[in-house]
Amino acid sequence: MRLYLLISLGFILSCSSVKKTDAQIGNQLLKDVEVLSSDAYEGRKTGTKGAEMARTYIESRFKEIGLKTLPSLANYEMPFAFKDNKGAAIQGKNLIAYVEGKTENAIVISAHYDHIGIINNEIYNGADDNASGIATLLKIAAYYAKNKPDHTLIFAAFDAEEMGLRGAQAFVAKSPISIDRIKLNINMDMVSHNNKGELYACGTFKYPQLKPYVFSENTKIKIRLGHDDPKLGSDDWTNQSDHSAFNKKDIPFIYFGVEDHKDYHKATDEFKNINAPFFINASDVILEITKRLDNKLYLKAIIKEKKTID
């Protein structure tokens, strides 16, 4: 996540025409984290077998949900290449899907699926960082696959965040849709591990026009605005996850995350150590705010367009 510094595919739920209950949705959310952060995925480091397994799982979930693939991409995959800090060539792959909205204006909903792999024979499973973000992305995608959004929603599972935000940078550099269409980035990175009920939403310092929409009716989660003032130094998260690539193009963003905890970038960041009740509520809140941003920003654009015509 921030730059300081198998369980088999049989677990995938089969498609059903029956509407899922809240309990079933919560179970799927947790299952997605449990699968992606299992030892079989070997910490999902970019360029490894574990990362490939993670892609296979996420692609299968995209298909199960019913997400479309962009015409310029094959099987949701957007490959890119870069050199690591030792000069070695690394191949990464973003996974990109979408749900068509009422307008071509787009919101990119993102989370990175990679983690840091195996270090000194210990698997760094990255349950919170960032299987939790991917699971939340899948939950949001499942909702919008059945509920047409106002904006076209691009669902981006980025690779190589841990190696310097490489996947997000590759996406912005060669966006599979016109960059001018992207009106907002909603990024999720570590959203399942907090014992105080606090979920941070960063981005309103630079983009105060978003502030009126970033709140929740869920009393079990405390939405905190902050960690986005440049004066905070290392506590400013503006450039510490994938939303940074969008911000550098002056694309507004909201980044959801928790403060660092005892398991951050440690082998103990395992499924058993996430806070499941907090995570389920936090994912509900992120979906709630996403729905509000999608609708209100769309309506605001329509009103602005009408006034311009008048």
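If I ask for residues that are open to solvent by less than 10 Å² (accessible area, probe 1.4 Å), aliphatic (A, V, I, L, M) and either assigned to a loop (DSSP other than H, G, I, E, B) or more than 27 Å from residue 209 (Cα to Cα) (or both), which ones from segment 252-303 would you list?
258
What's the number of the condition residue 199 fails, among (1) open to solvent by 30 Å² or more (accessible area, probe 1.4 Å); (2) under 28 Å from residue 124 (Cα atoms); (3) assigned to a strand (DSSP E or B)?
In the conditions (1) open to solvent by 30 Å² or more (accessible area, probe 1.4 Å); (2) under 28 Å from residue 124 (Cα atoms); (3) assigned to a strand (DSSP E or B), residue 199 misses (1) alone.
Can you name the condition, by its number, that residue 234 falls short on among (1) in contact with a helix residue (DSSP H, G or I) (Cβ under 9 Å, 6 or more places away or on another chain); (2) within 27 Å of residue 44 (Cα to Cα); (3) in a helix (DSSP H, G or I); (4) not acidic (Asp, Glu)?
Here residue 234 meets the rest and fails (1).
I need the full set of residues from segment 93-113 which are closer than 23 Å to residue 243 by Cβ, in a loop (DSSP other than H, G, I, E, B) and in contact with a Phe, Trp or Tyr (Cβ under 9 Å, 6 or more places away or on another chain), in order please.
Looking only at segment 93-113, we keep the residues that are closer than 23 Å to residue 243 by Cβ, and these are 93-99, 101, 103-113.
Imposing the further condition that a residue be in a loop (DSSP other than H, G, I, E, B) reduces the set to 101, 103-105, 113.
Across segment 93-113, the qualifying residues are 101, 103, 105, 113.
Which ranges mark the strands (runs of 3 or more DSSP E) fully within segment 114-164 that have 2 or more residues being of a type in the set (Gly, Ala, Ser) and open to solvent by less than 10 Å² (accessible area, probe 1.4 Å)? So that I can check it myself, show each step before the final result.
Numbers: elements: 117-119, 122-124, 152-158.
It comes to 152-158.
Pairs needed: first member in segment 253-273, modelled with pLDDT under 95; second member anywhere, open to solvent by less than 30 Å² (accessible area, probe 1.4 Å) and not hydroxyl-bearing (Ser, Thr, Tyr); C-beta distance under 7 Å; at least 6 residues apart or different chains.
The qualifying pairs do not exist here.
Filter segment 216-229 down to residues that are in contact with a helix residue (DSSP H, G or I) (Cβ under 9 Å, 6 or more places away or on another chain) and open to solvent by less than 80 Å² (accessible area, probe 1.4 Å) and give me whichever is farthest from residue 279 (Cα to Cα). First the steps, then the outcome.
So the first thing to find is which residues in segment 216-229 are in contact with a helix residue (DSSP H, G or I) (Cβ under 9 Å, 6 or more places away or on another chain), and the list is 216-218, 220-221, 223, 225-227, 229.
Narrowing further to those that are open to solvent by less than 80 Å² (accessible area, probe 1.4 Å): 216, 218, 221, 223, 225-227, 229.
Numbers: 216: 15, 218: 13, 221: 10, 223: 13, 225: 18, 226: 20, 227: 20, 229: 26 Å.
So the residue we want is 229.
Matching residues to (1) buried (at least 21 other Cβ atoms within 10 Å of the Cβ); (2) out of contact with any Phe, Trp or Tyr (no Cβ under 7 Å at 6 or more places or on another chain):
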{"residue": "46", "(1), (2)": "yes, yes"}
{"residue": "54", "(1), (2)": "yes, no"}
{"residue": "57", "(1), (2)": "yes, yes"}
{"residue": "73", "(1), (2)": "no, yes"}
{"residue": "77", "(1), (2)": "no, yes"}
{"residue": "91", "(1), (2)": "no, yes"}
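Across segment 230-241, what is the total count of residues that are polar (S, T, N, Q), open to solvent by 40 Å² or more (accessible area, probe 1.4 Å) and either under 17 Å from residue 198 (Cα atoms) or at pLDDT 95 or above (or both)? Full working, then the answer.
Narrowing segment 230-241 to residues polar (S, T, N, Q): 234, 238-241.
Next, from what is left, pick out any that are open to solvent by 40 Å² or more (accessible area, probe 1.4 Å): 234, 239.
Subset that is either under 17 Å from residue 198 (Cα atoms) or at pLDDT 95 or above (or both): 239.
Number of matching residues: 1.
The values are calculated or read from the model by the stated rules, or taken from the named source; none is laboratory data. Please read all numbers here as calculations on a predicted model, not as lab measurements. All Cβ positions, even for glycine, are placed from backbone atoms using ideal geometry, and neighbour counts span all protein chains on display. These area figures cover heavy atoms from the full protein model, side chains too; ligands, DNA and RNA do not enter into them. Shrake-Rupley method; radii C 1.70, N 1.55, O 1.52, S 1.80 Å.
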